[in-house]
Amino acid sequence: MMNRVLVTGGAGFIGSNFVRYLLNADSGVHVVNLDALTYAGSLENLRDLPVDRHAFIKGDICDRDLVNDLLRRHRIDTIVHFAAESHVDRSILSPEPFIRTNVIGTFTLLEAARQYWLVEEALPIADIRFHHVSTDEVYGSLNPDEPAFSETTPYAPNSPYAASKASSDHLARSYHHTYHLPVTISNCSNNYGPRQFPEKLIPLVVLNALEGRPLPVYGDGQQIRDWLFVDDHCEAIHQILVRGVSGQTYNIGGNNQPANLTIVETICDLLDELRPGARTHRELIKFVTDRPGHDRRYAMNIAKIRNELGWQPRYSLKDGLFATVQWILANPEWLAAIQMQNDYQAWLTENYATREKAK
Ligand code: NAD
Ligand code: TYD
């Protein structure tokens, strides 16, 4: 029973891809998209969405009056909560916004939903859903021989980002346990794909390579992430909304676990093919000071979502990276909007200066 969906953070990377996915997948759905348009959100990500089925609202998830008003005015029956501060490096330099948005913001949404759906309207549980989008980083870091994270792995968040997401997961879980709010939670591995802000590894490397700038590889470049193409993540969330069981957590991952350096080299090789120059892009690779507290390895066990909901990733890493690079090259308006954004240039300078200083 998903008709009127509030998507938070829907102008960001995964949120904007999800809004597109959902509107295509289900012609009966209307989306209200609440996003504060921080540095990570852009109206450019919402280009060409159907105006009759998608309403964008600029606002803060911590603003309880606004959230209350949206739930009632649009008679929202489903919340899909993406809005967050999402970058580990920023959380190390400046953790406060992470606590505000990720913890207080999630609490504000849960409390507003409880009040409206359960207390005021007493809606049937089967007609409502709060889906909370989270990360594999809540589980901490794996040694090389440890098994992949499952839904029962104890939480051990290492960065302020991961700790803020872990806090929000606990709040979401408690609202199901205490108030019977129909909550589902998904913990997903590293995403990549169209519309990702180029502070994260893959788009940063593509843009730096296109602009002839160094490609910063932290530490020895042997850290491991479990990469998932964003469309696969959107499909998994849709499956959880349609068929997932309230109160359950689902791990989502890509079954793709190369070292960071391999990712960077693969992108260089792709660009050598698509944008050949006098020199190979690999010459731009530069090893820089490592991230403090850098998690060494993430890997997701996706048996639960595969067995119970029949979901598994469709994209291989090779196909996903190719699609991502192609998309960036084919969307110069998006690229120009990002490049003009003050925060993008400022971040590149600040992040790089911090690493140079730490050497
Ligand atoms: P993003 O940084 O690209 O987008 C976040 C969006 O939230 C932006 O549009 C921003 O404007 C908005 N936002 C931030 N603070 C807000 C506030 N107070 N009120 C309203 N809107 C606000 O993030 P993303 O990569 O798309 O991640 C989306 C969600 O998925 C996050 O919850 C993140 O923790 C989770 N996640 C991300 C990844 C990944 O690899 N990117 C992996 C697993 C889980
Ligand atoms: P990132 O994309 O920031 O995601 P997360 O920290 O959530 O995993 O980083 C992915 C990996 O790439 C991580 O191990 C850090 C590393 N990294 C670099 O080596 N260089 C970079 O410039 C960035 C942004 C990340």
- Item | Residues located in region 189-220, provided they are more than 11 Å from ligand 2 (Cβ to nearest atom), buried (at least 22 other Cβ atoms within 10 Å of the Cβ) and under 30 Å from L309 (Cα atoms) | G193, R195
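Among what's in region 112-162 and is among the aliphatic types (A, V, I, L, M) and out of contact with any helix residue (DSSP H, G or I) (no Cβ under 8 Å at 6 or more places or on another chain), pick the residue that is surrounded by the most Cβ atoms within 10 Å (Cβ to Cβ). Let's see the steps before the verdict.
The initial filter retains those residues of region 112-162 that are among the aliphatic types (A, V, I, L, M), namely 112-113, 118-119, 122-123, 125-126, 128, 133, 138, 142, 148, 156, 162.
Cutting the leftovers down to out of contact with any helix residue (DSSP H, G or I) (no Cβ under 8 Å at 6 or more places or on another chain) gives us 119, 122, 125-126, 142, 148.
Numbers: V119: 9, A122: 7, I125: 12, A126: 9, L142: 19, A148: 21.
Checked region 112-162; the qualifying residue surrounded by the most Cβ atoms within 10 Å (Cβ to Cβ) is A148.
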- Note on the structure: Selection from region 4-26 of residues within 21 Å of L71 (Cα to Cα) and either β-branched (V, I, T) or modelled with pLDDT under 95 (or both) yields V5, V7, T8, V19
- Subset of region 22-36 that is more than 23 Å from E85 (Cβ to Cβ) and in contact (Cβ under 8 Å) with a residue 12 or more places away in the chain - its residue that is nearest to ligand 2 (Cβ to nearest atom): L22
- Item | Among the candidates I61, I76, I99, residue that is surrounded by fewer than 20 Cβ atoms within 10 Å (Cβ to Cβ), over 15 Å from the mean Cα position of the chain (by Cα) and either hydrophobic (A, V, I, L, M, F, W, C) or part of a strand (DSSP E or B) (or both) | I99
- Message: Any residue in region 68-86 that is without any contact (Cβ under 8 Å) to a residue 60 or more places away in the chain sitting within a Cβ distance under 9 Å of a residue that is among the polar types (S, T, N, Q)? List the pairs, counting only those 6 or more apart or interchain.
- Response: N68/Q115
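The values are calculated or read from the model by the stated rules, or taken from the named source; none is laboratory data. Just so you know, these numbers come straight off a predicted model, no measurement behind them. Neighbour counts run over all protein chains shown; Cβ positions are idealised from the backbone, glycine included.
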